[in-house]
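Read the figures in this text as sums done on the coordinates, not as results from a lab. None of these values were measured; they are calculated from a predicted model. For neighbour counting, all protein chains shown are included, and Cβ atoms are generated from backbone atoms with ideal geometry for every residue, glycine included.
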Amino acid sequence: MGENIAKNFDPKQTLNEIEDKFQMFQILNEDGVIVNEEANPNLSDEELVELMTRMVYTRILDQRSISLNRQGRLGFYAPTAGQEASQLASHYALEKEDWILPGYRDVPQIVWHGLPLWKAFLFSRGHFVGNQMPEGLNVLPPQIIIGAQYVQAAGVALGLKKRGAKNVAITYTGDGGSSQGDFYEGINFAGAFKAPAIFIVQNNQFAISTPREVQTSAKTIAQKGIAAGIASVLVDGMDPLAVYVATKDARDRAINGEGPSLIETMCYRYGPHTMSGDDPTRYRTSDIDNEWAAKDPIVRFRKYLEGKGLWSEQKETEVIELAKEEIKAAIKQADETPKQKVTDLISNMYEELPRNLEEQFKIYVEKESR
């Protein structure tokens, strides 16, 4: 009996074998050189330039948003610099009819999906208009509750499957979000029903101030998808080509009825967790900052495109100036939006007022009319 157990019972070896299989998928290295030619998506020159344009534009949007926040002209804001490849290259693999269920750091994806920038600014301010999506835009408002979008994405994906739609629901969270119960419930539900969902974990190394290695004893977050029976991959999240390929592959399999996927993108946020008082210098060293600065997705992609003769300093300057102009116009439009009132909040909540609110509503109508 003991001999049979020794031959067939080695849980630790099974764990090690699974973990060892998760090697990071990369196409474009830190020097902007293709190191995995077979996996190169061979995007057209126009597509490569468009993806770079979106990344540069979003970096400027992040810089301006931080400045606006410090001026008191924005409310809640979670910086995105460093995660442009993870966010925008994954979005670039989607179709317009796909659904996005973002976390609070994932505003860039929904802006490029069609959310007007001025509404994104209003979302930051907590204005209800910022959560009113234009007709035909398949986006849910950014989720503030950590990980809750994973359960919602599983439900939306199942709905798409039941309708026979050839589309996917994609959602994002960070490495900290993978410690939430909703994360496990979402991937398990989607896996059980083979729902066309794409779950992305942007592993930016720190859940606020908690380093990734304290989040879980698992060697990778990607391996957690195996327990839910779904295809999972670990990707260089600073490599836009690798992120694009991984997401497109996940989408192709999902619409072909092969079920959901979990993608862990290894990346880094250069700024604080949010602008609400977080100080990353208290938990991150200059050494790790410098290490990841050398992996900057925009610098990497710039080198690659310049080598192909597709990008130049002049082109980048044009994108930067365009971004500044459009951001200025968007914040002006947000400023001109009527301030929300107490009566707006009540009216948006209730179609028919309960009796206990009727009197209060009349009081505020009178106050607001003065």
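About its Cα centre, the stretch 291-351 has a charge dipole of approximately 200 debye under the convention of +1 per Lys or Arg Cβ and -1 per Asp or Glu Cβ, with nothing else charged. Between amide H atoms placed 1.01 Å from N, distances below 5 Å from F25 occur with L234, V235, D236, all of them 5 or more places distant or on a separate chain. A Förster radius of 51 Å, combined with the Cβ-Cβ distance separating V214 from E135, puts the computed FRET efficiency at roughly 0.70. Spin-label model, K7/I288: points 7 Å from Cα along the beta carbon direction are separated by 4.7 nm.
Looking at the stretch 185-305, the DSSP beta bridges with both ends there are about 15 percent antiparallel.
For the chain, modelled as a Gaussian network with Cα springs under 10 Å, which listed residue fluctuates most, Y77, Y270, Y350? Answer for the Gaussian network model of the chain: Y350.
If both residues of a DSSP beta bridge must be in the chain, then about 10% of such bridges are antiparallel. Neighbour counting of Cβ atoms within 10 Å sorts the residues R212, R105, fewest neighbours leading, into R212, R105.
Amide H contacts under 5 Å for A81: Y270, G271, restricted to partners 5 or more places along the chain or on a different chain, H placed in the peptide plane at 1.01 Å from N.
Length gained on full extension, E351 to K332, computed as 0.36 nm times the residue gap minus the Cα-Cα distance: 3.7 nm. Cross-linked pairs K119/K161; K96/K166; K96/K161: Cα-Cα separations exceed 21 Å for K119/K161.
Just checking the listed ones, N29, N188, N16: in the Gaussian network model of the chain with Cα springs under 10 Å, the one fluctuating most is N16. Ranked by how many other Cβ atoms sit within 10 Å of their own Cβ, fewest first, the residues S286, S90, S209, S67 fall in the order S286, S67, S209, S90. For the chain, with only Lys/Arg (+1) and Asp/Glu (-1) charged at the beta-carbon, what is the dipole magnitude about the Cα centre, in debye rounded to 20? Roughly 900 debye for the chain.
Which of D296, D175, D249 moves most in a GNM of the chain, Cα contacts under 10 Å? Taking springs between Cα atoms under 10 Å, the residue moving most is D249.
Note on the stretch 1-149: dipole from Cβ charges, positive end direction compared against F25, S124, Q83; the farthest Cα belongs to S124. Rounded to the nearest 10 degrees, the angle from helix 45-70 to the longest Cα principal axis of the chain is 50 degrees. Lys/Arg Cβ at +1, Asp/Glu Cβ at -1, dipole of the chain taken about the Cα centre: which of L160, W112, L140 is farthest positive-ward? Sorting the options by dipole projection puts first L140.
Here Y364, Y268 are placed in order of increasing Cβ neighbour count within 10 Å, fewest first, which gives Y364, Y268. Partners of K21 within straight-line reach, counting lysines whose Cα lies under 28 Å from its Cα and excluding those fewer than 8 residues away in the same chain: K7, K12, K194, K219, K224, K248, K295. Here is how the number arises for the chain: DSSP H runs of 4 or more residues each give -39500 (n - 2.57), the sum is divided by the residue count, and the result at 222 nm is -14500 deg cm²/dmol. Residues whose amide H comes within less than 5 Å of that of G174, counting only those at least five positions distant or on another chain, are Q202 (H built at 1.01 Å from N in the peptide plane). Along the stretch 254-265 the Karplus relation, 6.51 cos²θ - 1.76 cosθ + 1.60 evaluated at θ = phi - 60°, assigns HN-Hα couplings of 5, 6, 8, x, 8, x, x, 9, 10, 10, 9, 9 Hz to successive residues, with x for each Gly and Pro. Mean separation of Cα pairs under 8 Å and 6 or more residues apart, divided by the residue count, gives the chain a relative contact order of 22 percent.
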